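A.B. asks: Following this message is one structure expressed as structure tokens.
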Amino acid sequence: MKFFSYLDKGKTVLGVIINKTNKYISVEKISKGKLSNNLDEYLNNFEFNNIRLRELINDIDPDLLKEINYDSIVAPLQNPKSFRDFYAFRKHVEAGRKNRGLDMIPEYDRIPVFYFSNHQSISGPGIVKVQKQHLNKLDFEFEIGIVISKQIRNVKAKDAYKYVAGLTILNDWSARTLQLEEMKLNLGPAKGKDFSTSIGPFLVTLDELKDRAVGSEYEMRYDLSMFGYLNDNLISTDNLKNISWSFADMIERASYGVDLYPGDLIGSGTCSTGCLLELNLSSNDETWLKPGDEIKLTVDHLGTLLNKIDL
């Protein structure tokens, strides 16, 4: 299924898109109030809720469906329990280390690593407001996120996908000057990252993507093409199947010795060519984001996440 959240008379409502069309119905309306109309709450009993919702969709009256109003869409998940961001695309890691005058290290191939970012600064499509200091080398980071669907601990990679609610596009906004100053002290990123992360517009369940799965269950990736645009100019291309660490690997690492919870958000890390910091390495002129700029991230089957920078 493909879920999204939208504003209806000032209230955030959970919608489900029907049969790969551009039409939807609110979960509250189709279930007559018996299923949660908020994705954060819906995830608390995700498997059962999906079974019931699929039954209702099979019997739906087509006259109840509405066309999606993309201007009303907000982040699919409003309040993630936590946000861990990994470092799974090797080419991006190599480029980032080169920018800091560092060689690649063997530890990258031994363990998937992540940092915690601010799960309280999640936004969806639309305007991204920043402070003046953020505009000093403001950047985007093109990623894919997954959302955990069940409380788990010490999960092995071979079982990890059982606990994934779905995939979404993720943009990890980055203030590079702040970030690079902090990381010289071998901590962070903190203030260079914690001001905003955009996700959406949809949360797409894994059954919708089964024909794009490649590799064995343990090493499974998803063959999803990724295209990033700055002011409608294509600047970034990659494919989710190119990650060095699968989401299963990430979940195994993240859940070691701790509980993950429904609504935890995990980011893939930036794809190759998926940020201006990396692109500037091969350019004679540095480009950074400024007010009025639009970043559009498009991924097969996951939709398009469009944001505009503002003060």
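A.B. asks: For region 149-178: of the residues being of a type in the set (G, A, S) and part of a strand (DSSP E or B), which is farthest from R100 (Cα to Cα)?
C.D. replies: Across region 149-178, the extreme among qualifying residues is A165.
A.B. asks: So which residues in region 1-57 are of a type in the set (G, A, S) and in contact with a Lys or Arg (Cβ under 8 Å, 6 or more places away or on another chain), if there are any at all? Give the steps one after another, and end with the answer.
C.D. replies: The initial filter retains those residues of region 1-57 that are of a type in the set (G, A, S), namely 5, 10, 15, 26, 31, 33, 36.
Residue satisfying the conditions is S31 alone.
A.B. asks: Residue by residue through region 82-125, note down the ones that are farther than 23 Å from S272 by Cα, surrounded by fewer than 17 Cβ atoms within 10 Å (Cβ to Cβ) and not hydroxyl-bearing (S, T, Y).
C.D. replies: N118, Q120
A.B. asks: Go through region 254-297 and count every residue that is within 26 Å of K162 (Cα to Cα) and out of contact with any His (no Cβ under 8 Å at 6 or more places or on another chain).
C.D. replies: Residues meeting the conditions: 14.
A.B. asks: Among the numbered conditions (1) within 28 Å of I251 (Cα to Cα); (2) more than 22 Å from the chain's Cα centre (by Cα); (3) touching a residue at least 24 places away in the same chain (Cβ under 8 Å), tell me where S82 comes up short.
C.D. replies: Here S82 clears every test but (2).
A.B. asks: On to the next question. Residues D211, D172: which one is under 20 Å from the mean Cα position of the chain (by Cα), under 25 Å from T298 (Cα atoms) and of a type in the set (D, E)? Reasoning before the result, please.
C.D. replies: Working: D211 fails: under 20 Å from the mean Cα position of the chain (by Cα).
None of the others qualify; the one that does is D172.
A.B. asks: Can you tell me which condition T21 does not meet? The list is (1) modelled with pLDDT under 95; (2) crowded, with 17+ Cβ neighbours inside 10 Å, and all the others hold.
C.D. replies: With respect to (1) modelled with pLDDT under 95; (2) crowded, with 17+ Cβ neighbours inside 10 Å, T21 is out only on (2).
A.B. asks: What about S72, is it in contact with an Asp or Glu (Cβ under 6 Å, 6 or more places away or on another chain) and modelled with pLDDT of 95 or more?
C.D. replies: Spelling it out, it is not the case that S72 is in contact with an Asp or Glu (Cβ under 6 Å, 6 or more places away or on another chain) and modelled with pLDDT of 95 or more.
A.B. asks: Specify which of the listed residues (I152, I199) is under 18 Å from the mean Cα position of the chain (by Cα) and either of a type outside the set (G, A, S) or closer than 20 Å to D85 by Cα (or both).
C.D. replies: I199 is the lone residue from the list that is under 18 Å from the mean Cα position of the chain (by Cα) and either of a type outside the set (G, A, S) or closer than 20 Å to D85 by Cα (or both).
A.B. asks: Follow-up. Which condition breaks for F227 when tested against (1) among the hydrophobic types (A, V, I, L, M, F, W, C); (2) out of contact with any Pro (no Cβ under 7 Å at 6 or more places or on another chain); (3) part of a helix (DSSP H, G or I)?
C.D. replies: (3)
A.B. asks: Just to be sure before I move on: is L209 aliphatic (A, V, I, L, M), closer than 25 Å to G15 by Cβ and touching a strand residue (DSSP E or B) at 6+ places or on another chain (Cβ under 7 Å) in the structure I sent?
C.D. replies: Details: aliphatic (A, V, I, L, M): yes; closer than 25 Å to G15 by Cβ: yes; touching a strand residue (DSSP E or B) at 6+ places or on another chain (Cβ under 7 Å): yes.
The answer is yes for L209.
A.B. asks: Looking at this structure, is G269 assigned by TED's automatic domain parsing to the domain that holds T287, in contact with a strand residue (DSSP E or B) (Cβ under 9 Å, 6 or more places away or on another chain), surrounded by 20 or more Cβ atoms within 10 Å (Cβ to Cβ) and in contact (Cβ under 8 Å) with a residue 60 or more places away in the chain?
C.D. replies: Working: assigned by TED's automatic domain parsing to the domain that holds T287: yes; in contact with a strand residue (DSSP E or B) (Cβ under 9 Å, 6 or more places away or on another chain): yes; surrounded by 20 or more Cβ atoms within 10 Å (Cβ to Cβ): yes; in contact (Cβ under 8 Å) with a residue 60 or more places away in the chain: yes.
Against the criterion (assigned by TED's automatic domain parsing to the domain that holds T287, in contact with a strand residue (DSSP E or B) (Cβ under 9 Å, 6 or more places away or on another chain), surrounded by 20 or more Cβ atoms within 10 Å (Cβ to Cβ) and in contact (Cβ under 8 Å) with a residue 60 or more places away in the chain), G269 qualifies.
A.B. asks: Right, here's the next one. How many residues does region 215-237 hold that are modelled with pLDDT of 95 or more, touching a strand residue (DSSP E or B) at 6+ places or on another chain (Cβ under 9 Å) and of a type outside the set (F, W, Y)?
C.D. replies: Result for region 215-237: 13.
The values are calculated or read from the model by the stated rules, or taken from the named source; none is laboratory data. Keep in mind that this is a model prediction, so the values were computed, not measured. Methodologically, a virtual Cβ is constructed for each residue, glycine included, from the backbone with ideal geometry; neighbour enumeration extends over all protein chains shown.
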